[in-house]
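Have a look at the structure below, then the notes.
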Amino acid sequence: MLEKRKRMRRRSSALVLLQKLSPFAFIFLFERFRPRPETGPAYLLPELSTEVVKTVQIWPAGQLEIRAERTNGIWRLTEPVAYPAQSTKVQDFLDALQRLTIAHKISEKELRMDPKADQDYGIDPPQLSLSFNSGRSIHFGHRTSPGDQVFVRIPGIEGVAIVDAEVLNYFPQNGNSWRDTTLADLAGGDRKANAEIVRRLLRNEDHGPKRDAVLLNAAAALFVAGRSKSISAGWELAEQVITSGKARAKLTELASN
């Protein structure tokens, strides 16, 4: 009888111990075998989507602002001069920034230890700054000592990022870097060929350099005549007139008189 009681006490103790250990065993097994999220590269601008960017502003140190705007899928410069832009170069620039990853991050604590850190890294004042859709500015500083990386500071985000300096090759060096050079291809032809060029433009079928030249001239004329507040606004107005078919309808009306 006594031996039977001892066996029952041992069994009860084992059950109590098992109950106490069960939560720990579950936690161990869960942590050991739970799926781990895949780790990927840390992007400098993880929320950047090139498709929604309509305006790019760049401020090179000591130079005028370079501003490009996209309307109906076509990029044009509005600062320092109004001129059609090379859309491919602007898109390559955006793509380079979208895939830009952080090689190293200098924490805010490390920055506070050096009162002159922003100056040493070329962040204050920045060597160049940029903004998308008139939003938060992104400041680029000096290159690192080897020269293959560059310091970047984004106000509102702690720390200074170090990224591949190759991205600097995509920035325009001045206001002419993104200007569309295909405007040299504006040669017309005889009266019949020129008439067809005009008809194609007014039918909204030609989106090449000839259209850009027409829009630029119209924008300048509207601005000088006081019909628009700026050449950029004049461009948009002229583009609306062509796209809506109003210009074509007016030509048809004049031709029938």
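The values are calculated or read from the model by the stated rules, or taken from the named source; none is laboratory data. Predicted model, so just to flag it, every value in this text is computed and none were measured. Here Cβ is always computed from backbone atoms with ideal geometry, including for glycine, and neighbour counts include all displayed protein chains.
Conditions (1) over 23 Å from Thr55 (Cα atoms); (2) at pLDDT 95 or above; (3) under 16 Å from the mean Cα position of the chain (by Cα); (4) of a type outside the set (Ser, Thr, Tyr), marked per residue:
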residue: Ser134; (1), (2), (3), (4): no, no, yes, no
residue: Val152; (1), (2), (3), (4): no, yes, yes, yes
residue: Glu158; (1), (2), (3), (4): yes, no, no, yes
residue: Ser177; (1), (2), (3), (4): no, no, no, no
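Can you pull out the residues in region 229-254 that are of a type in the set (S, T, N, Q) and out of contact with any Asp or Glu (no Cβ under 8 Å at 6 or more places or on another chain)?
Within region 229-254, the first condition is being of a type in the set (S, T, N, Q), and the residues that meet it are 230, 232, 240, 243-244, 252.
Within region 229-254, Ser230, Gln240, Thr243, Ser244, Thr252 qualify.
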- Task: Among the residues of region 66-87, count how many are under 14 Å from the mean Cα position of the chain (by Cα) and hydroxyl-bearing (Ser, Thr, Tyr).
- Result: 1
- Message: Among the numbered criteria (1) in contact (Cβ under 8 Å) with a residue 12 or more places away in the chain; (2) assigned to a helix (DSSP H, G or I); (3) surrounded by 17 or more Cβ atoms within 10 Å (Cβ to Cβ), which one does Ala161 miss?
- Response: (2)
- Query: Within region 43-63, restricting attention to residues that are surrounded by 13 or more Cβ atoms within 10 Å (Cβ to Cβ) and hydrophobic (A, V, I, L, M, F, W, C), which residue is farthest from Thr101 (Cα to Cα)?
  - Reply: Trp59
- Query: Condition test on Trp75, is it in a strand (DSSP E or B) and more than 25 Å from Ile157 (Cβ to Cβ)?
  - Reply: yes
